[in-house]
1. Please sort 213-224, 187-198 by packing, taking for each peptide the average over its residues of neighbouring beta carbons within 10 angstrom, highest first.
2. Given 5 Å bins starting at zero, what is the percent of C-alpha pairs of region 153-220 in each, up to the one with the largest pair distance?
3. I want to verify the translational diffusion coefficient of region 38-100 in µm²/s; compute it with Stokes-Einstein, Rh as the Kirkwood radius over Cα pairs, at 37 °C and 0.692 mPa s.
4. Trypsin sites (Lys or Arg not before Pro), restricted to region 1-52: which are DSSP loop and have at most 10 other Cβ atoms within 10 Å?
5. Which trypsin sites (Lys or Arg not before Pro) in region 61-145 pass both tests, a DSSP loop state and at most 15 other beta-carbon atoms within 10 Å?
6. For the chain, what does -39500 (n - 2.57) per DSSP helix run (n ≥ 4), summed and divided by total residues, give at 222 nm, in deg cm²/dmol to the nearest 500?
7. Do you know the relative contact order of the chain, to the nearest whole percent, from alpha carbon pairs under 8 angstrom that are 6+ apart?
8. Of the peptides 25-34, 150-159, 173-182, how do they stack up when ordered by the mean number of other Cβ atoms within 10 Å, highest first?
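Please treat every number below as a calculation from the coordinates, not as lab data. Here the structure is a predicted model, which means the values were calculated and not measured. Positions of Cβ are generated from backbone atoms using ideal geometry, with glycine treated the same way; all protein chains shown enter the neighbour counts.
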Amino acid sequence: MEKEIQYFVDKNSVVREIWGKSDTILFIFAGASAEFALNKAVDWLYFTGKLPADPLGRLFSTVSYARQIVFSELNEANKAIDKITAIHTAVEKSRNAKIPDWAYRDVLYMLIHYSITSFELLERKLCPAEKEDLYDVFFRMGQRMHVPELPVNYTLWLVNHQEQLEADLLKSDFTIDLYKQYRKHLGSFRYRLLLESQKLVVPVQVNKRLGFKGVNWLTFFVPVYKFSRRLKLDGLFKSIILPANYRAQIKALDIKL
C-alpha cells in the first residue's frame, strides 16, 4: 500500500489559496516592506549589507521561503525552516550577538497579518476557522524555529500582535534610508505604487509611524484590477507595473490548485 504524502500545509487549507496567487503575495510583500523598515531590529538586516544593496531581492527571498514551506512536503518544509534558522545563526555568530526573540516573532506576525489583509483586499473575507488555520501554519513554523512565547491560537495572537506593534516599531535613520533604497531600485512611478499599496494593508500603527496621509488613489483601482482578472487582462497590468527582472519570478508564483 502506497504511503500517503504528508504536507506541511494541508491541500485543502486556505493558506494554499492565499499563497498560490502572485497578486496576494505582491501585497504581502508591500506590507512587509513597510513594516520591515520600521522594525527596531532592522539593523540586523543592515549588518550583512544585503538589505540596502538589494532591498527588493532581500524581502522577496523572505516571502519566497515562506511560500516554499507552504507548498512543500513535510520533510522538505522542515528542511527549509531549518535552513532559515541556520542562516540566522550564522549571522548571529558573525556579529557576536543574538537576534531578539521578539524580532523573530515580528516577522512571523507580518506574514500572518499581511496574508489576511492582502487576501481579503483582493478576494473575500476569511472566516474565523480559516484565520485559525492560517495562524496554525505560522505557529508551527515558529515552533520549528524554536521561537518562544508564541500565542497558542489566533484569538490570543490578535492581542499579542497589537502589543508588538506598539512596542517594536520605530521610524529611524534605517527607515529613511531603506525607503530611499526602495525609490532608487523601483523608480518614481513604481515607488509611488508601492506606497499606495502599503496604505491598503498595513496596520494603523505602521500607517501613523510612516506618516501616510491623503487619499489613496489605489483604492479606486483595486476593483478595476479585480475585474481585469475576469477578462484575463491582469497580466498586461503586471507587465507594466512590475520591474522587468522580477516579472518571471512573480509569474511563477501563480499555482493552479
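1. Working: 213-224: 11.3, 187-198: 16.4.
Going from most to least packed, we get 187-198, 213-224.
2. 3, 14, 20, 22, 18, 12, 7, 3, 0
3. Values: Rh = 12.9 Å.
Estimated diffusion coefficient is 255 µm²/s.
4. Details: sites: Lys3, Lys11, Arg16, Lys21, Lys40, Lys50; in loops: Lys3, Lys11, Lys21, Lys40.
The qualifying sites are Lys3, Lys11.
5. When the trypsin sites (Lys or Arg not before Pro) of region 61-145 are filtered for loop state and at most 15 Cβ neighbours within 10 Å, Lys98, Arg124, Lys125 remain.
6. Roughly -23000 deg cm²/dmol at 222 nm, from the helical runs in the chain.
7. Numbers: 228 pairs, mean separation 80.3, N = 257.
Relative contact order comes out at 31 percent.
8. Details: 25-34: 24.1, 150-159: 15.1, 173-182: 16.7.
Per-residue mean Cβ counts within 10 Å order the peptides as 25-34, 173-182, 150-159.
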